[in-house]
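The values are calculated or read from the model by the stated rules, or taken from the named source; none is laboratory data. Note that the coordinates shown come from a computational prediction; the quantities given were computed from them, not determined experimentally. Methodologically, a virtual Cβ is constructed for each residue, glycine included, from the backbone with ideal geometry; neighbour enumeration extends over all protein chains shown. Accessible surface is based on the protein model in full, side chains and every heavy atom, while ligands, DNA and RNA are left aside. Shrake-Rupley method; radii C 1.70, N 1.55, O 1.52, S 1.80 Å.
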Amino acid sequence: MRIERHTQAKSAWFTWKDLIWIVALILMVVGLRHFIFTPVEVHGASMDPNLQDSERLIGLKVGDTKRFDVVSFHAPDADKEYIKRIIAFGGETVEYKSDQLYIDGKEYKEPYLDEYKQQMAAGELFTADFSFTVSADQLFVLGDNRPVSKDSRVFGAIKKSSITSNAKFIFWPLNKFGTVN
């Protein structure tokens with residue numbers, strides 16, 4: 001019966017190849033986190049019922065944004081980040097009349113607000129009437145919970161450059177796991 005003995009180099013719990021692979025993996029994850037995606041946490045009730053306090057999302061740092069995307073951005077009036085929905089772009093006029101959204105005179109539906117609008121008393125407005133023209137290279141953003149949201153109606157349009165991510169995916173809590181509506 002022959003018993004083989006491992007050499008000292010083979011008995012180590014890892015090899016240099018393993019170490020290089022682990023370092024490369026760590027650098028790749030850090031690079032993706034820094035340049036491609038970022039975690040986002042919802043604070044407060046301004047995006048209820050679609051996004052709720054303490055929910056955690058994945059936001060993309062790359063790609064274009066479009067109308068009704070949910071974005072996180074540096075707050076223009078505080079040292080924190082807000083998360084809101086893009087409603088209008090530079091050069092557009094956004095208006096609310098009798099709880100209906102108009103952009104440059106064209107009516108837009110907002111199905112993500114239906115749950116809250118159904119809870120309103122007859123004749124009560126979910127979004128008060130207003131009109132705002134967005135300056136070039138800026139965005140008009142609103143929270144989904146319009147009666148309590150601090151958004152562009154309060155602090156004005158935001159700079160496109162202040163956007164930190166485009167929220168795409170809910171990963172916490174697990175019962176809401178999926179895409180952002």
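How many residues are open to solvent by less than 30 Å² (accessible area, probe 1.4 Å) and aliphatic (A, V, I, L, M) if we restrict to segment 105-121? Number satisfying all stated conditions: 1.
Per-residue answers, yes or no, for (1) touching a strand residue (DSSP E or B) at 6+ places or on another chain (Cβ under 6 Å); (2) open to solvent by 60 Å² or more (accessible area, probe 1.4 Å); (3) over 21 Å from Val180 (Cα atoms):
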site	(1), (2), (3)
Ala78	no, no, yes
Glu81	yes, yes, no
Arg85	yes, no, no
Val94	yes, no, yes
Ile103	yes, no, yes
Gly123	no, yes, yes
Phe126	no, no, yes
Asp129	yes, yes, yes
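Considering segment 56-83 alone, what residues qualify as being touching a helix residue (DSSP H, G or I) at 6+ places or on another chain (Cβ under 8 Å) and assigned to a strand (DSSP E or B)? Within segment 56-83, Phe73, His74 qualify.
Residues of segment 84-130 that are touching a helix residue (DSSP H, G or I) at 6+ places or on another chain (Cβ under 7 Å) and either at pLDDT 95 or above or under 22 Å from Ile158 (Cα atoms) (or both): Phe130 alone.
If we scan segment 85-107, do we find a residue that is of a type in the set (Lys, Arg) and not in a strand (DSSP E or B)?
No, every residue in segment 85-107 fails to be of a type in the set (Lys, Arg) and not in a strand (DSSP E or B).
In the set (1) farther than 30 Å from Ile83 by Cα; (2) modelled with pLDDT under 75; (3) surrounded by 11 or more Cβ atoms within 10 Å (Cβ to Cβ), the condition left unmet by Trp21 is number (2).
Of the residues Asp69, Asp99, the single one that is among the acidic types (Asp, Glu) and within 21 Å of the chain's Cα centre (by Cα) is Asp69.
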